[in-house]
Amino acid sequence: MEFRHLGRSGLKVTEIALGNWLTHGSQIAEDVARTCVTAALDEGITTFDTADVYAGTAAESVLGRALHGVKRESIEIFTKVFWPTGPGINDRGLSRKHIMESAHASLRRLRTDYLDLYQAHRYDHAAPLEETLRAFDDLVRQGKVLYIGVSEWRAEEIAAAVRIAEQMGFDRIISNQPQYNMLWRVIESEVIPLCEREGIGQIVWSPVAQGVLTGKYLPGAEPPAGSRATDERGAGFIGEYLTGSLLAAVQRLRPIADEAGLTMSQFAVAWTLQNPAVSAAIIGATRPEHVHENVKAAGVKLDPAIMAKIDEILGSEVVRDPAHTQSPAERP
Ligand SMILES: NC(=O)c1ccc[n+]([C@@H]2O[C@H](COP(=O)([O-])OP(=O)(O)OC[C@H]3O[C@@H](n4cnc5c(N)ncnc54)[C@H](OP(=O)(O)O)[C@@H]3O)[C@@H](O)[C@H]2O)c1
């Protein structure tokens, strides 16, 4: 396994991290979740990503149990706050109240005294940015959070946070967690240039586009049994990728992956890691075999000619408009 700095911070993370959205506490049983975490640890993955909202808070508990007994200093635990964790009016967003309450609940569920990275899961238009950043900074000063980051924030939102942190002497954001893969490149034109200037690393999600870039979804065919597209909760998320033309284009990538000596899945994860702005790719897995296969993307260098061929094949299927980075206009 290879390591990279998270942005310009001193923290090192594994190039490939394991996340548990839609899997732990939801699509897969706890014993399978455990085998996936064990597979990750066996492969040298030390960075784990979750969120308070995943599986209605159950995902953090599953991960906390799976990591229990692992030497705390040997792993990095990342979680997030923003989306609703309960029915209350204040059980959501980035107010000081919710940040403090949710951070403490995450610590309990994850069975740890501190979080390595605490991320604002979206931008909250209903909370003053200074209030959010001060609450995050207090958690850092209390030693409950070591580093802070954001997820799916627009370039101007990140820039405002950097400015306020500088003015107020608050701890700085070191990471952004956006969706990024061969098909979804909306961060390239605005978010990445700003973050590179400010020393903020990208921890990218859905590197295999939720399974689409593994090539297992065939145009015109039923999705494979047990896949995310057949899962009650997952189907709504993966659905936008499942168009005939996109799935046909993905199939045309197969000979290029073969040429590179990689499986489609490894090829997709490796593609995200070619971008030096990326600190880590967060993979999801419903089986330990997914982890064993996908980690082999670490350290892979793709030839520029292969990168160009990918662009040629995917053509207009690639989404690039930065306007797609958007947080809810109102609190969910
Ligand atoms: N910040 C955010 O807003 C946000 C949003 C989404 C995700 N994330 C983070 O990113 C992580 C990863 O997201 P993701 O799960 O969408 O990532 P992904 O790696 O693109 O997709 C993972 C899914 O693809 C399928 N898959 C993966 N490898 C495979 C292989 N080798 N062969 C066949 N199928 C394979 C599996 O689903 P099936 O077996 O079910 O088909 C697996 O659960 C999350 O867990 C979370 O930590 C963050």
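Things to note:
- Selection from segment 303-332 of residues that are under 23 Å from the mean Cα position of the chain (by Cα) and either within 23 Å of residue 19 (Cβ to Cβ) or of a type in the set (Val, Ile, Thr) (or both): 310, 318, 319, 324, 325, 326, 327, 328, 332
- Every residue from segment 181-200 that is surrounded by fewer than 23 Cβ atoms within 10 Å (Cβ to Cβ), assigned to a loop (DSSP other than H, G, I, E, B) and either of a type in the set (Gly, Ala, Ser) or within 14 Å of the ligand (Cβ to nearest atom) (or both): 183, 186, 189, 199
- One residue stands out in segment 7-26 among those that are in contact with a Lys or Arg (Cβ under 7 Å, 6 or more places away or on another chain) and not in a strand (DSSP E or B): the one that is farthest from the ligand (Cβ to nearest atom), namely 15.
- Selection within segment 229-265 - among the β-branched types (Val, Ile, Thr) and within 12 Å of the ligand (Cβ to nearest atom): 230, 238, 263
- Any hit, segment 90-100, residues being within 21 Å of the chain's Cα centre (by Cα) and basic (Lys, Arg): yes
- Those residues of segment 266-308 which are touching a residue at least 40 places away in the same chain (Cβ under 8 Å), more than 18 Å from residue 27 (Cβ to Cβ), surrounded by fewer than 22 Cβ atoms within 10 Å (Cβ to Cβ) and near the ligand (Cβ under 10 Å from one of its atoms), in sequence order: 292
- Taking segment 201-218 as the range and being outside any loop (DSSP other than H, G, I, E, B), within 6 Å of the ligand (Cβ to nearest atom) and out of contact with any helix residue (DSSP H, G or I) (no Cβ under 7 Å at 6 or more places or on another chain) as the test, only 205 passes.
- Subset tally (residues that are surrounded by fewer than 20 Cβ atoms within 10 Å (Cβ to Cβ) and under 19 Å from residue 294 (Cβ atoms)) for segment 238-255: 1
Where a number appears in this text, it was derived from the coordinates with a stated rule and is not lab data. Nothing here was measured: the structure is a model prediction, and the numbers come from that model. Neighbour counts run over all protein chains shown; Cβ positions are idealised from the backbone, glycine included.
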